[in-house]
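J.: Questions regarding the structure given below will be posed in turn.
The values are calculated or read from the model by the stated rules, or taken from the named source; none is laboratory data. As the structure is a prediction and not an experimental result, all values here were calculated from the model. Here the Cβ positions follow ideal geometry from the backbone for every residue, glycine too, while neighbour counts run over all protein chains shown.
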């Protein structure tokens, strides 16, 4: 079999432009295989980088959601003139409760303002005031949070922390920020 300007070699194949094709079967050179492996490695590296960006985006989304719900809880406490509780559960959910029985404590007699919301975080840990959840934040009838504190979401990869990964509160303010050196630095 003769292809183009090729000539037969001693094994019956055709030599054409520096390649030998024996019996019509082709193969890949080492260089071609290395190029394919490099392309696959680059695609895999891009995939891992995007996965880290998704984790950061998920953490920021959760912080923004919790912040919005805490602000809503403060508004509801002041509007309804009753205590409100933001409860963080061990199963990575949280909920907001109104003290409908007037005992100033979160208990089964209270009404859920916001039912359990999932905090979808991949491998991240959440702590409230330096302790792992479960925990609760209490808001009085004037919409003031009792005490000061922080909520922090931290990634196991220190280099992959979200820009907004904490909430800091005092009785009269609630702010989002970035956890730095053991404190929530307000942005």
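J.: Within region 177-187, can you find the residues that are more than 20 Å from residue 138 (Cβ to Cβ) and surrounded by 14 or more Cβ atoms within 10 Å (Cβ to Cβ)?
T.: Correct list: 177, 178, 179.
J.: Another question about this same structure. Might you let me know whether region 94-103 holds any residue that is under 28 Å from residue 162 (Cβ atoms), surrounded by 15 or more Cβ atoms within 10 Å (Cβ to Cβ) and touching a residue at least 24 places away in the same chain (Cβ under 8 Å)?
T.: The answer is yes; a qualifying residue exists.
J.: Give 126, 113 a once-over and let me know the one that is in contact with a strand residue (DSSP E or B) (Cβ under 9 Å, 6 or more places away or on another chain) and more than 23 Å from residue 75 (Cβ to Cβ).
T.: 126
J.: From 24, 47, 52, which residue is at pLDDT below 60 and within 30 Å of residue 187 (Cβ to Cβ)?
T.: After applying the criteria, what remains is 52.
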